[in-house]
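The values are calculated or read from the model by the stated rules, or taken from the named source; none is laboratory data. Bear in mind the structure is a predicted one, so any value in this text is a computation, not a measurement. FYI the Cβ positions are ideal-geometry reconstructions off the backbone, even for glycines, and counts take in every protein chain you see. Note: areas computed on protein heavy atoms with side chains; ligands, DNA, RNA excluded. Shrake-Rupley method; radii C 1.70, N 1.55, O 1.52, S 1.80 Å.
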Amino acid sequence: MGVVNVTPDSFSDGGNFFETEAAVAHALKLVADGAEILDIGGESTRPGATPVGEEEELRRVIPVIEKLAPQVKVPISIDTSKPGVALAALAAGASIVNDIAAATRADFSMWKIVADHRAGYIVMHAQGSPPAMQEKPAYRDVVREVGGFFSGRLGRLLNEAGVPMEQVVIDPGIGFGKTLEHNLTLLAGLKTFTKWRRPLLVGVSRKSFIGQLLGADVENRLPASLACAVLAVGDGANIIRTHDVAATVQAVRMAEAIYSRKKNVD
Ligand code: 9MG
């Protein structure tokens, strides 16, 4: 899954046309590099990020999806926590909702939209929301608690909101309300999350826990991001969300070739 951030710090020169064209060109490049899903987002989800209003988020992402959808065969995912943005994005040509607010969602409107559109739905765990989520994350047993969240959410999605399991991808939400120790423990325990037999998404690309462990600044986190991706795939991850598609595809394809032979030996 290739990341397309349509945020002012990514493509903007302050003008709508350049922002849209640059985001579309970037997305097409990610597809050429091997991305099999494009994740389009108009609101930064970095720890401490300031939320953007719905109108501004729509202004950023909808023109990109409208231009991109007729040009690509890969599914487009909308990275949003707002039901109104999800609805407009699905109408514009997206087919997956990447819901980073799945854990804190109080009402059903997002799930109803997903059910009505038969869209894919990424249910991501988070403790808190981006502006304050890294202030004091706390768990007794992070793997068990994230697993408990999936059990509860999958049941509610199906029984209360009518979203069939076939539409759902699960994601432990690396970096979302987690300390360095929590992130490493979740990555070490990834196999646990395969028991729901749903596709497992992992997003580690350039994240700050890599900087915390290794002291690498954000431009120099590719090797560690690839190490995490390769290990995650070995433990059952099906989707890797990344800024660096070409390098990740190469690393993952190599790992898969070796893992597939290992299973024959075991
Ligand atoms: C938007 N975004 C940033 N990091 C992410 C992650 O790890 N998973 C998902 N689903 N979305 C993410």
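General observations
- Check on Gly41, surrounded by fewer than 17 Cβ atoms within 10 Å (Cβ to Cβ), within 16 Å of the ligand (Cβ to nearest atom) and touching a residue at least 12 places away in the same chain (Cβ under 8 Å): no
- When residues of region 135-180 are limited to those that are part of a loop (DSSP other than H, G, I, E, B) and β-branched (Val, Ile, Thr), the one surrounded by the most Cβ atoms within 10 Å (Cβ to Cβ): Val163
- For region 226-244, the candidate set comprises residues that are farther than 25 Å from Tyr121 by Cβ and surrounded by 15 or more Cβ atoms within 10 Å (Cβ to Cβ); within that set, the residue that is nearest to the chain's Cα centre (by Cα) is Asp244.
- Members of region 190-207 found to be open to solvent by 10 Å² or more (accessible area, probe 1.4 Å), out of contact with any Lys or Arg (no Cβ under 9 Å at 6 or more places or on another chain) and away from the ligand (no atom under 12 Å from the Cβ), listed by number: Lys191, Thr194, Lys195, Trp196, Arg197, Arg198
- Only one entry of Gly34, Gly48 meets the criterion of being at positive phi and open to solvent by 40 Å² or more (accessible area, probe 1.4 Å), and that entry is Gly48.
- Complete set of residues in region 209-225 that are in a helix (DSSP H, G or I) and open to solvent by 60 Å² or more (accessible area, probe 1.4 Å): Gln212, Leu213, Leu214, Val218, Glu219, Asn220, Pro223
- Test: Glu55 is surrounded by 16 or more Cβ atoms within 10 Å (Cβ to Cβ) and farther than 10 Å from Val4 by Cβ: no
- Yes/no for Ala229 being without any contact (Cβ under 8 Å) to a residue 40 or more places away in the chain, in a helix (DSSP H, G or I), within 20 Å of Gly2 (Cα to Cα) and more than 15 Å from the ligand (Cβ to nearest atom): no
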